[in-house]
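One structure is given below, encoded as structure tokens.
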Ligand code: MMA
Ligand code: CA
């Protein structure tokens, strides 16, 4: 911009030094042969006069303006110098910038080349990545389908899991109930097992006892049969398994008993109502093997066993310590009740009894 301004200033100089240049070219119009030349000449004369007047005025104004322009020129000259200096500085700066630009351009070119290489590599990488992306996309699609299938399967399984969980909870409760019942039943079973074991022992003991008793029973049955079938000696009477002897003489209770013992027998011991009826039916008032001589009021048989069933005549026994031996009295009409307590030294028939 500054150099252009300087040129403009210079281009004004000729116009200032030759202000009548235009008038010379108007004068030359006279030389042209034309019908209107006269008119033009007159007009030109008028114009020339006006122009002379104008030039005078103009010259005076121009003098003043020239003076101003001179000053302005000096100012411009000063500014031109200043601008020239500035221009030089800027030229230097431009050269420096040009150098820098060249350096930068080289650097940029290098960078550009490098970037181009990198771009190519990136393009390759990009293409490769594209391929990989496409492969990944395919894989992704496949995986998405698979994932959807798995999701469906997962949902189905989740439902089944929930159902199974519910079933499991129900079963767990039932299991707990059953466990409780099982424990109770197990306790009861153990108790029953203990009882069963005890009962088994008892059963075995009872079985052994039963077996032994069966044997004994069979032996006793045999003995009983033998005894039942065994005949009594002469003058003895048979009833059940026993033989009975009725004395033909009277004697005291002790002497009568001794007589029985001498006959491998003892005074009769009455064990049943039938036996008592049998004894009474023999028709003799006789000693029997009953006495309370050891403890008054406590009647025992001659084998030491306590009397449990009795057939006393109504009102008997009534003798206290005076009557300590039992007799079978036949004076009453009752077929069974016949006992009376009598003084032991009283003489009486006696009935002996022996087995077999
Ligand atoms: C007799 C004697 C007693 C018996 C009474 C029953 C008088 O005594 O045999 O032992 O109790 O008779 O009247
Ligand atoms: Ca009596």
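The values are calculated or read from the model by the stated rules, or taken from the named source; none is laboratory data. It should be emphasised that the depicted structure is a prediction, and the values quoted were computed from it without experimental measurement. Please note: Cβ atoms are built from the backbone with ideal geometry, for glycine as well, and neighbour counts cover all protein chains shown.
Condition check: part of a helix (DSSP H, G or I) and modelled with pLDDT under 85. Does residue 150 satisfy that?
Yes, satisfied.
For the structure I just gave you, tell me whether residue 291 is assigned by TED's automatic domain parsing to the domain that holds residue 249 and within 16 Å of ligand 1 (Cβ to nearest atom).
Yes.
For the range 303-312, does any single residue satisfy the condition of being surrounded by 15 or more Cβ atoms within 10 Å (Cβ to Cβ), more than 15 Å from ligand 1 (Cβ to nearest atom), over 60 Å from the mean Cα position of the chain (by Cα) and not in a loop (DSSP other than H, G, I, E, B)?
The answer is no, given that none of the residues of the range 303-312 is surrounded by 15 or more Cβ atoms within 10 Å (Cβ to Cβ), more than 15 Å from ligand 1 (Cβ to nearest atom), over 60 Å from the mean Cα position of the chain (by Cα) and not in a loop (DSSP other than H, G, I, E, B).
What residue, of 356, 289, is surrounded by 20 or more Cβ atoms within 10 Å (Cβ to Cβ), under 18 Å from residue 242 (Cβ atoms) and touching a residue at least 24 places away in the same chain (Cβ under 8 Å)?
Exactly one of 356, 289 is surrounded by 20 or more Cβ atoms within 10 Å (Cβ to Cβ), under 18 Å from residue 242 (Cβ atoms) and touching a residue at least 24 places away in the same chain (Cβ under 8 Å), namely 289.
Out of the residues in the range 341-353 that are in a loop (DSSP other than H, G, I, E, B) and within 12 Å of ligand 1 (Cβ to nearest atom), state the one that is farthest from residue 247 (Cα to Cα).
Across the range 341-353, the extreme among qualifying residues is 343.
In this structure, does residue 338 turn out to be within 13 Å of ligand 1 (Cβ to nearest atom), in contact (Cβ under 8 Å) with a residue 40 or more places away in the chain and crowded, with 20+ Cβ neighbours inside 10 Å?
yes
Among the residues of the range 230-249, which ones are in contact with a helix residue (DSSP H, G or I) (Cβ under 8 Å, 6 or more places away or on another chain) and closer than 16 Å to residue 285 by Cα?
244, 245, 247
Any residue in the range 239-257 that is farther than 13 Å from residue 352 by Cα and free of Cβ contacts under 8 Å to residues at least 60 places away in the same chain?
yes
Within the set of pairs 6 or more residues apart or between chains, which connect a residue that is on the phi < 0 side of the Ramachandran plot inside the range 301-324 to a residue that is part of a loop (DSSP other than H, G, I, E, B) and more than 16 Å from ligand 1 (Cβ to nearest atom) with Cβ atoms less than 7 Å apart?
Cβ pairs passing all conditions: 301/269; 301/307; 302/269; 303/269; 311/336.
So for the range 257-276 (the condition being within 16 Å of ligand 2 (Cβ to nearest atom), buried (at least 16 other Cβ atoms within 10 Å of the Cβ) and in a strand (DSSP E or B)), does at least one residue qualify?
no
Could you tell me whether the range 298-319 includes any residue that is under 15 Å from residue 254 (Cα atoms) and within 16 Å of ligand 2 (Cβ to nearest atom)?
No: the range 298-319 contains no residue that is under 15 Å from residue 254 (Cα atoms) and within 16 Å of ligand 2 (Cβ to nearest atom).
Let me confirm something: among 279, 351, 330, which residue is touching a helix residue (DSSP H, G or I) at 6+ places or on another chain (Cβ under 9 Å) and modelled with pLDDT of 95 or more?
When all the criteria are applied, what remains is 351.
Just to be sure before I move on: is residue 144 modelled with pLDDT of 80 or more and either exposed (fewer than 12 other Cβ atoms within 10 Å of the Cβ) or in a helix (DSSP H, G or I) (or both) in the structure I sent?
Yes.
Do we have any residue at all in the range 319-327 that's modelled with pLDDT under 95, over 60 Å from the mean Cα position of the chain (by Cα) and within 14 Å of ligand 1 (Cβ to nearest atom)?
Scanning the range 319-327 turns up no residue that is modelled with pLDDT under 95, over 60 Å from the mean Cα position of the chain (by Cα) and within 14 Å of ligand 1 (Cβ to nearest atom).
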